[in-house]
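Below is one structure; the comments refer to it alone.
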Amino acid sequence: MNIANLLLGSAREFRDMPALAHGASRHLGFRELWRRASVMSMHLTTRFRLERGDRVAFAMSNCVQSIEVMYAIWHAGLCAVPMNAKLHAREFAFILENSGARLCFVTPDLADTIAEAAREAPGLREIVDVTTRSYTFMAVGDPAALVDSEPTDPAWLFYTSGTTGRPKGATLTHRNLLAMTLNYYADVDRPSPGGSILHAAPISHGSGLWSFPTLARGAVQVFPESGKYDVPETVELMNRWPDCSIFLAPTMVKRLIEHGSVGDLRPEALRLVSYGGAPMYVSDLKRALDLLGNKLCQLYGQGESPMTITHLSREMHADRQNPRWEQRLASAGRPDSCVTVRVVDEEGRQLPVGEVGEIIVKGDTVMAGYWNDAQATARSLRDGWLWTGDVGAFDEEGLLTLKDRSKDMIISGGSNIYPREIEDVLNLHPGVAECSVVGRPHPEWGEEVVAFVVAREGKTPAPGELDQLCLDNIARFKRPKDYKFVEALPKNNYGKILKTELRKLLD
Ligand code: AMP
């Protein structure tokens, strides 16, 4: 079982249909991409002397070459280490060292940073810039045969975004990736051949993972020319390529719907916006549904069970008549077909409906472990169950509502307070652009609630108004005791809010 088989299937079925596009232009068809990956794979094993199981990293702004490189790696029975292009040299060095990568592909903007990082990663033999002749030369020669990988062979080391510490490399096997792909068809979407997917979010993360189910269904993988998320360019490309799907983090959805160019989007151009990776507030979600139509599907997953724990389907988003519509929108939906999901207490005992506990997951998408980190693996994988570190509760409909990361929960006067619940309320205020709630140590109560608020330009809300909003919507003891107005919230390279940094601002 080699995940690169998906490309072989598409090369046979979809032949000269476009497989890769750079902006509005076709780059390669499916047969050409298959041939390119097989020839590059020959170079990997001969010229670069890589052996089955070796790790090959890449640090690239989103570009067509990232797909060529990935399929060449798998074709040769090697393991890919996609790195987020926005990392710091020291973070790259950590990943290169931890993964033991032998070779690293780069785009020119990252060449210097990776060269600097490489000094601390002695195992790295070579860096190849995909705009140089060294790379072009990899398309020349005879194709190699597809290596028959084992289902348990590592295929992708997914380095977590590290909101709390050093990143850890979730080891995803060929089986994990295939199970995730099939789950997409079961729970998210089964696109018709000839469609497209636009990679505006980092290819090293969710967007890259969605390349499998879409490529296997004959969708062209479209990379913005800018290599990043630019709303007008995104809208233009969604209109250009047919039946377009896109994966966006919630903050990216928000940017899309708040930008004037969203009015230029032709309704029939868009097939699906899948979003996830962080909470999406109900107020934003409703606006997105109004502006984009019933095209949204939510995913809750993590690198350790990629894109697959629960989903809120397009149908549930669309069912506005349902009396539980709002509760549904506030949830992360129901468990994915390929996994079992439980909410448990600290001893792993299953909790009844409505009770909040840690979310644990079992199934074919759950990682093999953390690369080179037995201790972290033992903490996260117990008896085949992945302990996600997320806290939530099931409701009577079987839908999971996420509360927070367990370590973000605030305990005040012995009561558990989930920041997200308060953030949901504060976001209702028109003067709040963004907010994040954390706990501050308190001598009497243990912790007290503090809200960091980014105000909308010219509309700074008075703390009294925010307080009233909370009193109108949630229990008294949950409302913030202090509001801190800031210019921006600290975020990591995936756009996730760093509560650890916010807590430091409380000292
Ligand atoms: P990562 O492994 O970097 O993708 O981060 C995964 C984490 O993001 C999860 O453990 C959750 O805490 C959070 N997350 C993912 N999807 C969602 C979602 N739909 N709603 C809220 N939080 C999410």
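Here M238 passes the criteria (1) within 16 Å of the ligand (Cβ to nearest atom); (2) closer than 23 Å to G29 by Cα except the one numbered (1).
Cβ separations smaller than 9 Å between residues 6+ apart or across chains give the following pairs from the stretch 462-480 residues that are closer than 19 Å to N416 by Cα to residues that are among the basic types (K, R) and buried (at least 18 other Cβ atoms within 10 Å of the Cβ): C470/K478; C470/R479; L471/R479.
Within the stretch 344-403, the residues that satisfy the criterion of being of a type in the set (A, V, I, L, M, F, W, C) and more than 16 Å from the ligand (Cβ to nearest atom) are L351, V353, A374, A378. Could you tell me which of the residues E421, E434, E444, E396 is at pLDDT 95 or above and farther than 29 Å from N98 by Cα? Matching residue, one of E421, E434, E444, E396: E396.
Just one residue in the set T131, T171 is under 17 Å from the mean Cα position of the chain (by Cα) and not in a helix (DSSP H, G or I); that residue is T171. In a strand (DSSP E or B) and either at pLDDT below 95 or not assigned by TED's automatic domain parsing to the domain that holds I474 (or both): does that describe T365? No: the conditions fail for T365.
Of the set (1) touching a residue at least 60 places away in the same chain (Cβ under 8 Å); (2) buried (at least 19 other Cβ atoms within 10 Å of the Cβ); (3) under 22 Å from the mean Cα position of the chain (by Cα), all apply to S412 but (3). Can you pull out the residues in the stretch 461-475 that are among the aliphatic types (A, V, I, L, M) and out of contact with any Ser or Thr (no Cβ under 9 Å at 6 or more places or on another chain)? Across the stretch 461-475, the qualifying residues are A462, L466, L469, L471, I474. Quick one: in the stretch 190-203, which of the residues that are under 19 Å from V253 (Cα atoms) and not in a strand (DSSP E or B) is modelled with the highest pLDDT? Out of the qualifying residues, it is H199. Residues in the stretch 285-303 that are closer than 19 Å to E423 by Cα and touching a helix residue (DSSP H, G or I) at 6+ places or on another chain (Cβ under 6 Å) were compared, and the one that is farthest from the ligand (Cβ to nearest atom) is R287.
In the condition set (1) within 21 Å of the chain's Cα centre (by Cα); (2) farther than 19 Å from F158 by Cα; (3) buried (at least 24 other Cβ atoms within 10 Å of the Cβ), V81 is compliant with all but (2). Being within 16 Å of the ligand (Cβ to nearest atom) and modelled with pLDDT under 95 is the filter here, so list the residues in the stretch 254-284 that pass it. The answer is K254, G276, G277, A278, P279, M280, Y281, V282, S283, D284.
Suppose the filter is among the hydrophobic types (A, V, I, L, M, F, W, C) and touching a Gly at 6+ places or on another chain (Cβ under 7 Å); does F92 pass it? Answer is no for this residue. The number of residues in the stretch 99-128 that are in a loop (DSSP other than H, G, I, E, B) and of a type in the set (S, T, N, Q) comes to 1. Go through the stretch 22-61 and give me each residue that's among the small types (G, A, S), in contact (Cβ under 8 Å) with a residue 60 or more places away in the chain and over 27 Å from P122 (Cα atoms). Scanning the stretch 22-61 gives G23, A24, S38.
Identify the residue in the stretch 476-507 that is of a type outside the set (K, R) and assigned to a strand (DSSP E or B) and, among all such residues, is farthest from the chain's Cα centre (by Cα). Across the stretch 476-507, the extreme among qualifying residues is D482.
The values are calculated or read from the model by the stated rules, or taken from the named source; none is laboratory data. All values derive from a computational prediction rather than experimental measurement. Reconstructed Cβ throughout: ideal geometry from the backbone, glycine too, with neighbour counts over all protein chains shown.
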